Every structure is written in structure tokens, then in C-alpha cells.
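Colleague: This is the structure I have questions about; it appears just below.
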Amino acid sequence: MANINDVSRLAKVSKATVSRVLSGSRGVKEESRLAVMQAVETLQYKPSVIAQSLSTQSTGCIGVICAAENINQSTGYLHALEKELRLNQKYLLLRFATDAAGLAHSVNEIGRGLCDAMIVIGARFELPPLPENVITIDCLDEDSDRSIHFDRSFAAETACQYVLQQGRRQIALINAENGETAGQILQGYHQALEKFLLPYDRRLVHSGEQALTQLLAQNIPFNALLVPDDASAQDALRQLAQHGRAVPASVMVFSLDSTLPPGISAVPAITYPLETLAQTAMALLAGQFSASAGAPVRGQLSIPF
């Protein structure tokens, strides 16, 4: 395996010059830089991450902390983030958290020299105070200049419009349990009903772990069901089958937040561009973008093949 001495000899420059070229430092002659890069390619040299971190005071690692309760949704983000980090020659250090205390512990643990910055994904609990080098993606009620958040009102309104176009006028909603996300979803639901001159029936709106069970127990007719995410959609498919409600013939289930590629979900869904989200996260980490300066991320309608 080639080392820096081999690169130095082949390029006919000093080891210090090789280090400056590989770290992107200025003040290196173009002729020397090209010679080093050619030698690196010829020898297939890969610099030591540990050695680089010691010289640059940077680990090259980004800590990613996923909320365990939302892990199904977070998996898609992880794939997109890992790909984007590799493109930026960064590494992913993964942790999980189940509550605010666990999140604070993880941030404290990996923030002590193990990573340069951190990303928190999918937390549905109130977040503890976070350092300046932490950004959040899809976290409940987190709306700051270090967060990437979604337009839930647009998602709910788009979902209602779609099911109405399919001839479904009795639309039930399983909402998020609480917080700003639930408020935005309900707002979009209201707006769609008003637009199409449909009455609002509070008996069709439920939240919490037993929401669908409560809805089915009421024996109130509904032929469309909006649910918060993919996991809720799978649970709805299971419960509806147990009650003899065929999907989509009897009830059309619609997921308001899917991380599956367009057309892959078993039900219609609002999907979010994961690669774009990952790129935005990297720009936020680099201080090149302020999420608060723009509108919340809007998803796109995805229909099963």
C-alpha cells in the first residue's frame, strides 16, 4: 500500500508539498499540484483519515442522531446523507435517541472531538438546547435557522385534493399527536374542505396511538384516510383488512410523509426529495445556506405504479 513518501518520490516534491496539495492549501505551484495529483492517481494513494484529522484539527465526521421512534422514516434520510457526505469526503457517525435526555447525551458524547458537526433527524419529542454546530431535519416543532422543515399544510391540502379527484368525499384524518406539525396538517385539511365546499366533521379527525381504532369503532362512513407517514400507512392497511375494508376499493389510504422513492409506496403519498434535503443539510453545515430565509420544503405527489 502506497504512503506519502511514495507519492513524494514519484511527484519529485517534498512531503510537506504533498500534504498541502491534499489538504487544499494555497501557495502550491500548479506544476507541483498536478504532479502530486498524478502520483496519487498512479499509486492509488489514500491519505490516512487519522493523520489528516491531527493536522487539520478536523475529524471529517458528521454525527447523525436519529430518533428511534421514527427510524422507518429516517432510513431514507440516512442513505441520502451518507451518499452526500461521501461526495464531500466526509464520514457518518450514527447514534440513536429515544427522548430529549438521550439526545442530549448523544450530542454531548459525540460532540467531544468525535465529529465536526451533528444532524438530528425525525425527533417527535421536545428538543433540548442544542449547540450551534447541530442542525435538524424533520423534527417536531423545530423551526430555526438551523432546521430543515416541511410544509405540512401543503401536504394535507394536496392529499385531500387528490382523493377528492378520485371521487372520495368522506375523508378521515389520522393526525400527528400534537404540536406545530399537527396544526399545519389540520390547517391544510380545513383549507381543502372549504375549497371544495365540504363540511368539517370532527368525528373524522383523530390522533394518538389508538386513533384508527377509535375511528373504526364509531362506524362513521369514510372512503379516504389520510395518515401522517409510511409506518402509519402500513398500520392502517393492516387494521382496515382486519375490519374487512378493502384498500383502495373501500378506503383509499394516503401517506402525508413518505421517504420511499416516487411510485414505490403501496399507497398514494407526499414524498420529499431526499437528495435535495441532503444537499441542503450539507450547505447548512457549511454555513452557505439559511433555511429560515426560504420557505419550508414542499413534497411532491407520488402515485403507486
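What follows draws every value from the coordinates through simple rules; no lab data is involved. Bear in mind that the values here come from a model prediction, so they are computed numbers and not experimental data. Methodologically, a virtual Cβ is constructed for each residue, glycine included, from the backbone with ideal geometry; neighbour enumeration extends over all protein chains shown.
Colleague: For the chain, what number of Lys pairs, 8 or more residues apart or on separate chains, have alpha-carbon atoms under 25 Å from each other?
Modeller: 8
Colleague: Helix 179-195 sits at what angle to the longest principal axis of the chain, using alpha carbons and giving 0 to 90 degrees rounded to 10?
Modeller: 50 degrees
Colleague: Return T280, T136, T98, T75 ranked ascending by Cβ neighbour count within 10 Å, so the fewest neighbours appear first.
Modeller: T98, T75, T280, T136
Colleague: Springs between alpha-carbon pairs under 10 angstrom, Gaussian network model over the chain: which of A172, A182, A217 fluctuates most?
Modeller: Comparing A172, A182, A217 in the GNM, the peak value goes to A217.
Colleague: What is the ratio of the Cα radius of gyration of the chain to 2.2 N^0.38 Å, where N is its residue count, to two decimals? Write out the running numbers ahead of the final one.
Modeller: Details: Rg = 24.5 Å, N = 305, 2.2 N^0.38 = 19.3 Å.
That ratio works out to 1.27.
Colleague: Relative contact order of the chain, please, whole-number percent, based on alpha carbon pairs below 8 angstrom and at least 6 residues apart.
Modeller: 16 percent.
Colleague: For the range 89-185, which trypsin sites (Lys or Arg not before Pro) are in a loop by DSSP, counting at most 15 other Cβ atoms within 10 Å?
Modeller: Numbers: sites: K90, R95, R112, R124, R146, R152, R168, R169; in loops: K90, R112, R124, R146, R168, R169.
Those that pass, being in a loop and sparsely packed, are R112, R169.
Colleague: Which order results if D6, D201 are arranged by neighbouring Cβ count within 10 Å, fewest first?
Modeller: Ranking D6, D201 by Cβ neighbours within 10 Å, fewest first, gives D201, D6.
Colleague: For the range 157-305, how big is Rg over Rh, using alpha carbon atoms and the Kirkwood form of Rh?
Modeller: Numbers: Rg = 16.3 Å, Rh = 16.2 Å.
My calculation of the ratio gives 1.00.
Colleague: Between the helical axis of 30-43 and the dominant principal axis of the chain, each derived from Cα atoms, what acute angle in degrees is found, rounded to the nearest 10?
Modeller: Roughly 70 degrees between the two axes.
Colleague: Note down the relative contact order for the range 152-271 as a percent, whole number, built from C-alpha pairs under 8 angstrom at least six residues apart.
Modeller: 28 percent
Colleague: Any chance you could give the angle, 0 to 90 degrees and rounded to 10, that helix 152-165 forms with the longest Cα principal axis of the chain?
Modeller: 50 degrees
Colleague: With the chain treated as a Gaussian network of Cα nodes joined by springs under 10 Å, which of E82, E275, E132 yields the largest mean-square fluctuation?
Modeller: E132
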